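Just so it is clear, none of the values below were taken in a lab; they were calculated from the coordinates. Computed from a predicted structure; not experimentally measured. So basically every Cβ, Gly included, is an ideal-geometry build from the backbone, and we count neighbours across all protein chains shown.
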Amino acid sequence: MLLSIITPCYNEEEALPYFLKAIRMESEKLLMELGLEIEIIFVDDGSRDRTMELLRAAAKEDRRVRYISFSRNFGKESAMYAGMEAALGECAVIMDADLQHPPVMLEEMYRAITEEGYDIAAARRVSRKGEPPVRSLFARLFYKLINKISKAEFVDGASDFRMLSRPAVDALLRLGEYNRFSKGIFGWIGFKTKWIPYENVERVAGETTWSFWKLLLYSLDGIIAFSTAPLAIASLMGLLFCLGAFVYFLYIVITTFLYGSPTSGFPTLVCLLLIVGGSIQLSLGIIGQYLAKAYLETKRRPIYIVRETERAVARTEGTVLCEK
Ligand code: UDP
Ligand code: MG
């Protein structure tokens, strides 16, 4: 049996040596205890540091190491997709390069799939220790909201660290959409999933590239990709304001006829204008977001572009590789 380990790397020169060492140690154990072979597919997501040099060297000295290098930074989502496409194993697992995903969990995940009859084994963070409180709060709010308005199941604390059986990998590859939000995609394809709890670990080296704003925009992407509820809210809001305006109009007409009160109310007018104008703007914005996504989707652009792989390099250098 072969396990494909897929690792997206973006400027990970500092963490990579630790990662390789940890994986090599773990892989010996896996081979001894389970007879499981591994291949490691590094997806270099347009790194600007020495990541590629390290990967080339690692691939040269270790046949199990493979890599795909993108022509620019396409994002982790694209990197994961590319890795899945390249994976040859009966199972595939996604792991970050910074060792935040403990390799010791691989054995339990693999057993869950081969022995316990699960299709997917996923790590789930039980605590958000070490995370800024504001970020935790927003994360929790996001999961509450998205689960209310979307059909796909979103699990709080679910990480990208998960092992998939071949059928699950193939299912994932069938979702070739351009706007990828893997937390939703994993939920959408279904399958029997085993959740394995784990404690949050600090990054071994280097720095995270996810700022608060990047995460906020990413969560908006997720909502738009997996729910059309905001569109309904926009229409509902429009309806509500129309009703309000109608009632208010009746009120003015009646009071004028009954009491002959002069139609005073410059402030009311301004308020109404602002509210109505604002809600129109908001609705247009929401529609615009969906339109933009649909527009990008209809272009059918590739999810990623490859600049270099270990196979292509080996071919030009005349090294013979066994093709599977
Ligand atoms: N990553 C990537 N492309 C990006 C950003 C990140 O491939 O544009 C990779 C990164 O190298 C790492 C993983 O995604 O292996 C997780 O990134 P990071 O540790 O920065 O995120 P965090 O763990 O803070 O969520
Ligand atoms: Mg990390």
Next on the checklist: Test of understanding: among Glu37, Glu13, Glu53, Glu77, which residue is touching a Ser or Thr at 6+ places or on another chain (Cβ under 6 Å) and surrounded by fewer than 20 Cβ atoms within 10 Å (Cβ to Cβ)?
Outcome noted: Glu13
Checklist entry - Any idea which of Arg124, Arg135, Arg72 is in contact with a Gly (Cβ under 6 Å, 6 or more places away or on another chain) and outside any loop (DSSP other than H, G, I, E, B)? => result Arg124
Checklist outcome for this item: In segment 97-142, residues that are more than 16 Å from ligand 2 (Cβ to nearest atom) and at positive phi total 1
Next on the checklist: I'd like to verify a number: residues in segment 84-99 that are crowded, with 22+ Cβ neighbours inside 10 Å and either acidic (Asp, Glu) or within 12 Å of ligand 1 (Cβ to nearest atom) (or both), how many?
Outcome noted: 4
Checklist entry - Could you count how many residues in segment 209-232 are more than 16 Å from ligand 2 (Cβ to nearest atom) and not in a loop (DSSP other than H, G, I, E, B)? => result 15
Item to check | Residues (surrounded by 14 or more Cβ atoms within 10 Å (Cβ to Cβ) and of a type in the set (Ser, Thr, Tyr)) located in segment 156-215 | outcome: Ser159, Ser165, Tyr178, Ser182, Thr193, Tyr198
Next on the checklist: Please verify whether Ala123 is within 16 Å of ligand 1 (Cβ to nearest atom), in contact (Cβ under 8 Å) with a residue 24 or more places away in the chain and either farther than 23 Å from Glu28 by Cβ or surrounded by 21 or more Cβ atoms within 10 Å (Cβ to Cβ) (or both), treating the condition exactly as stated.
Outcome noted: yes
Checklist entry - Restricting segment 46-69 to residues that are of a type in the set (Val, Ile, Thr) and assigned to a strand (DSSP E or B), which is farthest from ligand 1 (Cβ to nearest atom)? => result Val65
Checklist entry - Of all residues in segment 177-208 being farther than 15 Å from Ile223 by Cβ and in a helix (DSSP H, G or I), which is farthest from the chain's Cα centre (by Cα)? => result Ile189
Next on the checklist: Pairs needed: first member in segment 268-280, in contact (Cβ under 8 Å) with a residue 40 or more places away in the chain; second member anywhere, surrounded by fewer than 12 Cβ atoms within 10 Å (Cβ to Cβ); C-beta distance under 9 Å; at least 6 residues apart or different chains.
Outcome noted: Ser279/Leu240
Next on the checklist: Could you go through segment 210-220 and let me know if any residue there is away from ligand 1 (no atom under 16 Å from the Cβ) and either in contact (Cβ under 8 Å) with a residue 40 or more places away in the chain or within 25 Å of Arg301 (Cβ to Cβ) (or both).
Outcome noted: yes
